[in-house]
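Have a look at the structure below before the remarks.
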Amino acid sequence: MLITIRYTLINLIKTPGILIWTLVFPLVLSTVFVAMFSSIDKMAETQTVRVVVVSPPKDSSGVAFQAFLDEVGTSAADDDGGRDSTNDGGRDANPESSLLDITYVTTEEEAKTLVVDHLQDEQPYVGYVVLRDGLPEVFVIGKQSASESQSIGSSILSLVMNAYSERMSLVGQLAADNPAALENPLVLKSLGTQAQVTQQVQLTLHHPQETVRFYFALLGMAALFGGSVGIVALQLLKPNISSLGARRAVGAMSHSKSVAGTIIACWIVCFTCLCVTFAYLRFVVQIDFGGQDAAALVILALASLLATALGCAISSIPKIPEDGKNGILTGVVCFASLFAGLYGQPTMELADAISKQVPALDLINPATQISQAFYSITYYDSYEPLIGHLLIMAIMTFVFFVLSVQSLRRQRYASL
Amino acid sequence: MEEMVLVKNLVKRYDDVIALDHFSLDIASGEIFGLLGPNGSGKTTAINCILQLLSYDKGEIKLFGQPMTQTSYDIKRRIGVVPQNVAVFESLTVKENIDYFCGLYVTDKRERKRLVLEAMEFVGLEDYERARPKKLSGGLLRRLNIACGIAHKPQLIFFDEPTVAVDPQSRASILVGIQQMNAQGATIVYTSHYMEEVEQICTRVMIMDKGKTLACGTSEELKVLVHAGEKITIEANVSQAALMRIQSLDHVISAKINEGRLEVTCENAEHNVADVLAELSKAKIRPGRIWAEPPTLQDVFLEITGRELRD
């Protein structure tokens, strides 16, 4: 049997077309995904909103507003390590964690000019803020001039300033209802800081990243394309399809050993190609698999066997030439990948909708099962969901092998 | 002598077409047995049934005295097959191909290595061991096809038209090789369309058509069966009167003048040439060069199977 494994491996590796679908295509698609998703990932990152602020007056409302600005933002002067003493709240300004990147000017005209003059910058100002009657007024650039990220920045700026206005409104209410409370230093301190009324608890092992799911779906598709290996290898084993198959059938090696050796060789090729794709995603593209590399390899191993079984099942369809069988496999893989959400956000939403509405369809979609298996090792702290997906994949593998067993067992034919 | 192949009353149908009609065959150890027949006569079907690649409706097949089945691996171990179409892995080298097919029969690695080298030497492919099949000429490819079938030193070898599309040098080399294998003890079953090859190497010949055996025996035995005997060709200016007298001779089937040559076809008889020359002498015609050819296997084949074109 070893000789069958050895030479089937060599033959498959040297056969043009095999590595194109099982290795080159997934790597190229991964690279395309990297290019496609880099802008989305950038948008998802927390960005500091650049804003111009007309320096508040030195009265009590101005000092309070300045203190608030010091809380939520940083300025060029902060980065330089000093500014005028009125704006120095003594806090540890961290430009990376600040919501606002503030540039101070003295007049509203200056603010407007600065915003307009920097509209074409890589990161323009989203608008300016001026304090009137103790409350901030926000002016943002029009929707027609704003990019998508600027629109998000405008919303962030409005939310931040609304929070300040609401706090000032609360202070006014407190002064009217209970002036003594304002003499309590604890109350004053609480008014000066942002309220933390919710506690953040992480449910998953890692922060979910929207784009990572596409790479999981890609691995599902890449695995299923491994079925083409099974189709090619088994065509060369059947006497009624190739003269090579006939010659092998009259050999003294038992048929079961020939079939087993061929299937093992197909699995090795498929698994190796998937491992290369996985390594590319893991170490070059730096996709987060939750540090579960061993579990990922288990998924890849079973996915390779599933793909080989799928190839065997398609190969056993009678009266269809090899090209036709490869066409069937391509159709099955593309269709399954569609419902695994591979082809962009709308198909991912479709996949999610199907998962919710008709979960049974997920159970019979091998691409979805492989994709969800990777999802489960990345985000769940329990192996239970993974085991569920692996079990379903094992059942699918068994069913595909059962479908092809009649064809695989056959040694003698009515006609050649 | 041990009976290597025994086929009794084999019947094989493709729907309404009878491919083998109570076909029987027995081949003894040490023979080079020729299987002749026109296209579609059932030669390859018979071999495929014997090798258990094709199912059959009725009949008995025994190889080495034992019933042949799909799982008779002990019997298969003693058989070599050289198929009509070149059946090798396109992506493997010459040496890898021979090693693989030898490996279907021989598990010992060291033994296999020796056999592979011997097979390459036997067919003259030592200089091409790293070449891929697509880089080989038609003749070399046929030799590779043979090497893959005989590397494990089988006792019974089926050659299905091994010299198709091969140059005369390669053909001669292949035929000599087959005779050598036979001399070393292998029994050969050989199918071909080339009558002269079969006549040259086969110890016994079977002519079959439409799934039935029409004749079986040595070349000489088969030639006796046919009506046509010698073909006599004489360079001479023969008159119409002399030609008519020659045509009326006993044992003369036909006589005609073609491009200044007298061509006479005779039945098998002892003094055909002398009788024709005597008639020429009577007519005072002096002959030039004279050729007399005995009947060939092709004459036998065409007379038995007919001259009409086949599909």
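Laboratory data are not the source of any read-out in this text; all were calculated from the coordinates shown. Owing to the predicted nature of the structure, the values given are computational and were not obtained by experimental measurement. In this analysis, Cβ positions are derived from the backbone assuming ideal geometry, glycine residues included, and neighbour counts consider all displayed protein chains.
Database remark: amide H of A:Y413 closer than 5 angstrom to the amide H of B:L54, B:S55 (H placed geometrically; neighbours at sequence offset of 5 or more, or on other chains; Pro and chain starts carry no H). Relative to one another, the C-alpha centroids of segment A:385-413 and segment A:245-274 are positioned 16 Å apart. Every Cα-Cα pair in segment B:23-82 was counted, and those over 12 Å apart are 73% of them. Rounded to the nearest 20 debye, the dipole magnitude of segment B:3-223 is 600 debye, with +1 charges on Lys and Arg beta carbons, -1 on Asp and Glu beta carbons, and the Cα centre as origin. A simple count of charges around B:S192, restricted to other residues whose Cβ falls under 12 Å of its Cβ and scoring Lys, Arg +1 and Asp, Glu -1, yields -3. Peptide B:82-89 is shielded by partner chain Cβ atoms: per residue, an average of 4 of them sit within 10 Å of its Cβ. Packing-based ranking of A:164-170, A:333-339 yields A:333-339, A:164-170, ordered from highest to lowest mean Cβ neighbour count within 10 Å.
Based only on other Cβ atoms within 10 Å, what is the fewest-to-most ordering of B:R245, B:R110, A:R50?
Numbers: B:R245 17, B:R110 8, A:R50 20.
Listing B:R245, B:R110, A:R50 from fewest to most nearby Cβ atoms yields B:R110, B:R245, A:R50.
Can you give the percent of C-alpha pairs in segment B:3-223 whose distance is more than 25 Å?
Details: 9374 of 24310 pairs.
In whole percent, the long-distance tail amounts to 39.
Counting only residues at least eight positions apart within a chain, or on another chain, the aspartates and glutamates with an alpha carbon under 17 Å from that of B:K212 are B:D16, B:D21, B:D26, B:D57, B:E60, B:E303.
Taking a point 7 angstrom from the Cα of B:Q180 along the C-beta vector, which residues in segment B:118-150 have backbone N less than 18 Å away? What the label zone holds, given the 18 Å backbone N cut-off, is B:118-129, B:139-150.
Inter-chain Cβ neighbour count for B:44-52, averaged per residue, equals 3 (cutoff 10 Å, partner chain atoms only). All Cα-Cα distances of segment A:276-416, cut into 5 Å bins from zero to the largest, leave 2, 9, 15, 19, 20, 15, 9, 5, 3, 2, 1, 0 percent in each bin in turn. Distance between the 7 Å Cα→Cβ label points at B:E259 and A:A176: 13.0 nm. Evaluated with a Cβ-only charge set (Lys, Arg +1; Asp, Glu -1), the protein assembly as shown carries a dipole of roughly 3780 debye about its Cα centre, given to the nearest 20.
Here the protein assembly as shown is treated as a sphere whose radius is the Kirkwood value from Cα pairs; by Stokes-Einstein at 25 °C and 0.890 mPa s it diffuses with a coefficient of 73 µm²/s. By the Kirkwood approach, averaging reciprocal distances over each pair of separate Cα atoms, segment B:144-214 gets a hydrodynamic radius of 13.0 Å.
Apply 1/(1 + (r/R0)^6) to the Cβ-Cβ distance of A:M36 and A:E137, taking R0 = 35 Å, and write down the FRET efficiency to the nearest 0.05.
On the way: r = 40 Å, r/R0 = 1.14.
Between A:M36 and A:E137 the formula returns 0.30.
Spin-label pair B:V224-B:Q169: with each label point 7 Å from Cα along the Cα-Cβ axis, the two points sit 4.2 nm from one another. Overall shape: prolate for segment B:93-221, with the ratio a/c of the largest to smallest alpha carbon gyration tensor axis at 1.5 or above and a/b above b/c.
Using r as the Cβ-Cβ distance of A:A360 and A:S151, and R0 as 41 Å, what FRET efficiency do you calculate, to the nearest 0.05?
After rounding, the FRET efficiency stands at 0.50.
Mean partner shielding of peptide A:238-250, defined as the number of other chain Cβ atoms within 10 Å of each residue Cβ, is 6. The mean sequence separation of alpha-carbon pairs under 8 Å and at least six residues apart, normalised by the residue count of segment A:339-384, gives a relative contact order of 26 percent.
Note on B:K153: aspartates and glutamates with a C-alpha under 17 Å away, same-chain residues under 8 apart excluded, are B:E31, B:D74, B:D99, B:D108, B:E111, B:E118, B:E121. How far is it, in nm, from the label point at A:L350 to the one at B:N9 when both lie 7 Å from their Cα along the line to the Cβ? Each label point lies 7 Å from its Cα, and together they span 6.4 nm. At q = 0.13, 0.19, 0.29 Å⁻¹, work out log10 I(q)/I(0) for segment B:223-285 with the Debye formula, treating every Cα as an identical point scatterer and leaving solvent out; two decimals please. Taking Cα atoms of segment B:223-285 as identical point scatterers yields -0.30, -0.63, -1.37. Of the residues B:I201, B:H152, B:T45, the one whose Cα sits farthest towards the positive end of the charge dipole of segment B:3-223 is B:H152 (charges of +1 on Lys and Arg Cβ, -1 on Asp and Glu Cβ, taken about the Cα centre).
Selection among A:F216, A:I317, A:G291 by position relative to the dipole of segment A:199-343 gives A:I317 as farthest towards the positive end (Cβ unit charges, Cα centre).
Can you give the FRET efficiency for B:S137 and B:S29, using 1/(1 + (r/R0)^6), R0 = 41 Å, r = Cβ-Cβ distance, to the nearest 0.05?
Details: r = 35 Å, r/R0 = 0.86.
Efficiency for this residue pair is about 0.70.
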